[in-house]
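Below: one structure, written as structure tokens.
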Amino acid sequence: MGLLPVITRLRRRRIGPIHEKSPGTGGTGRTAAHLAVRGSATLGVTCAGCPRSGTFGQRPGHVLSGHTDNRRSLVSPELYVSPGPGAKSRTGPDSGEPPVSAVRWWFHECVDLSLETLTGVLEQADYRVRAGSHAEARVWPTGFDILDVNLSGGLRSGELVLLGGPQGLGKTTWVMQVARNVARSGRVVLVFSFEHDLQTLLVRLVALEAGRLGGPDAPSTSRIRQSFEGADGLTGSLAERLSGTDGGAKAIEVVQEYADRLVLHRSTGSKTGLDAIRAAIVKVTEEIGQQPLVVVDYLQKIHVPGNVPEESERITTVVEGLKDLALDNDVPILAVVASDKEGIQAGKRMRVNNLRGSSSLAYEADTVLLLNHKYDVVARHHLVYNMGNVERFKHYAVLSIEKSRTGKTGIDMEFYKRFDQSRFESEGRIVSEQLVDERVFTE
């Protein structure tokens, strides 16, 4: 069926120098040393279930040089690549290119990069509208309707969204379901997976689709994994092996429909740093022609070059870098964040201060979402006076909007867990019970 992931090798090109930001001149004053690593490393990027193998080619031309300003901007100057001698221009207001290319042309050809007036910002916004770019293009619905309503439509380009939660509560499951929803809608997703191999992610996606098609009787993730590993005692293709299940064979067809838009990067904590993430974003944008939703699983695993012994310093470098990448590339970045030891204790409600590492996680992020077991965070009286609630609450996860710069905060929603099918029920609701920070007793 051609569904097994096919690794393609990408060779990064130099994309220009990175310079420090100067306080008082529009920058943040932080050093950009964590983005300054350049080299000739290779990147493994795969379209989930892509039936063909291909290499993302180099974009013709050369890097625009001579810029010394690296402030946060609509499009970072080091990412701009000019058409090169003799090449037909692909940018500019009359080129017919999508708004992204038009905005790049406008920003780099018509704006002084040293300073920016409000007039320039207004002209850029007016140009985007004239070129056909609309607000909807900057909003990325997650597919969880009640969450999207409270986030004013969903995730947004240029924003960093963090998802935290205790171990085993489905953080990877949730972000992969969002990735699936976005890819299914026709947009591109780039997933950096530090925790799972690519076939494991593919198996989970097939299980998710089978569950949506077949309901409770659909094959479980473990059953589908057996077919992928040839350990089910059957013969034939994947579809043939799953043909006797409710929704299994059809699930493979559904995954194939969006497989070319879901790009997987097998990441490693020893090699995959911010420079690799930046390079992959540029490659995918240039080759597919769309800016992707970027998913990172998970943030604390991102490699920081050099000898940085303090975890808080490393995480500060990473989270600041991810925020810069979101702004520079005008993409939303959804990153999973691990919790500290206190945040994973039974009977404890995880909050923002339980995110492992640095306080910059809360400050840099535009949106912070936290998952908790409902059983762990409901008020005691809901359990004591109705013992039937105990088992019922264990089937739900509470997703809380702890911070949002564009939507509502303090919103607690609940979603039914179907982890045997690698998914949550997408139809959630506002939690009606009283929640607390910590229960009086633990199990």
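The values are calculated or read from the model by the stated rules, or taken from the named source; none is laboratory data. This is a predicted model, so every value here is computed, not measured. Heads up, the Cβs are rebuilt from the backbone with ideal geometry, glycines too, and the neighbour counts pull from every protein chain shown.
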Go through the range 236-249 and report how many residues are surrounded by 19 or more Cβ atoms within 10 Å (Cβ to Cβ) and touching a residue at least 12 places away in the same chain (Cβ under 8 Å).
6
For the range 213-231, what are the residues that are in a helix (DSSP H, G or I) and either among the aromatic types (F, W, Y) or more than 20 Å from V295 (Cβ to Cβ) (or both)?
L213, G214, G215, P216, D217, S222, R223, I224, R225, Q226, S227, F228
What about H381, is it surrounded by fewer than 18 Cβ atoms within 10 Å (Cβ to Cβ) and under 30 Å from S222 (Cα atoms)?
no
For the range 306-316, how many residues meet the condition of being farther than 18 Å from F194 by Cα, in a helix (DSSP H, G or I) and touching a helix residue (DSSP H, G or I) at 6+ places or on another chain (Cβ under 9 Å)?
2
So the check is Cβ under 8 Å with 6+ separation or different chains; which pairs have a first residue in the range 207-228 that's touching a residue at least 40 places away in the same chain (Cβ under 8 Å) and a second one that's part of a helix (DSSP H, G or I) and of a type in the set (S, T, Y)?
A207/T221
Count, please, the residues in the range 408-419 that happen to be outside any strand (DSSP E or B) and within 30 Å of A210 (Cβ to Cβ).
1
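Rundown of residues vs (1) touching a His at 6+ places or on another chain (Cβ under 9 Å); (2) at negative phi, yes/no style:
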site: A210; (1), (2): no, yes
site: G214; (1), (2): no, yes
site: A218; (1), (2): no, yes
site: T235; (1), (2): no, yes
site: G247; (1), (2): no, no
site: Q256; (1), (2): no, yes
site: S270; (1), (2): yes, yes
site: G289; (1), (2): no, no
Hey, I252 at pLDDT below 95, in a helix (DSSP H, G or I), among the hydrophobic types (A, V, I, L, M, F, W, C) and more than 24 Å from R138 (Cβ to Cβ) or not
no
Taking only pairs six or more apart or across chains, which ones have beta-carbon atoms under 9 Å, a first residue in the range 264-292 that is in contact (Cβ under 8 Å) with a residue 60 or more places away in the chain, and a second residue that is hydroxyl-bearing (S, T, Y) and in a helix (DSSP H, G or I)?
L274/T317; Q291/T285; P292/T285
Does G306 meet the test of being surrounded by fewer than 19 Cβ atoms within 10 Å (Cβ to Cβ) and at pLDDT below 95?
yes
Across the range 345-357, which residue is modelled with the lowest pLDDT among those that are buried (at least 20 other Cβ atoms within 10 Å of the Cβ) and within 20 Å of the chain's Cα centre (by Cα)?
G357
Every residue in the range 162-200 that is out of contact with any strand residue (DSSP E or B) (no Cβ under 8 Å at 6 or more places or on another chain), assigned to a loop (DSSP other than H, G, I, E, B) and either modelled with pLDDT of 95 or more or surrounded by 24 or more Cβ atoms within 10 Å (Cβ to Cβ) (or both), please.
S185, G186
Among the listed residues S157, S152, which satisfies the condition of being farther than 21 Å from K417 by Cβ, in contact (Cβ under 8 Å) with a residue 60 or more places away in the chain, more than 13 Å from the chain's Cα centre (by Cα) and surrounded by fewer than 22 Cβ atoms within 10 Å (Cβ to Cβ)?
S152
Selected residue [at positive phi and of a type in the set (S, T, N, Q)] from S422, S400, S426:
S422
Step by step: first the residues of the range 355-381, then only those that are of a type in the set (K, R) and in contact with a helix residue (DSSP H, G or I) (Cβ under 7 Å, 6 or more places away or on another chain), then the one that is farthest from T173 (Cα to Cα). Which residue is that?
R356
Pairs with Cβ under 6 Å, 6+ apart, first in the range 382-399 and under 13 Å from R429 (Cβ atoms), second assigned to a helix (DSSP H, G or I) and modelled with pLDDT of 80 or more
Y396/K374; V398/K374; V398/V377
Among the residues of the range 260-291 satisfying the criterion of being of a type in the set (K, R) and surrounded by fewer than 21 Cβ atoms within 10 Å (Cβ to Cβ), which is farthest from E320 (Cα to Cα)?
R266
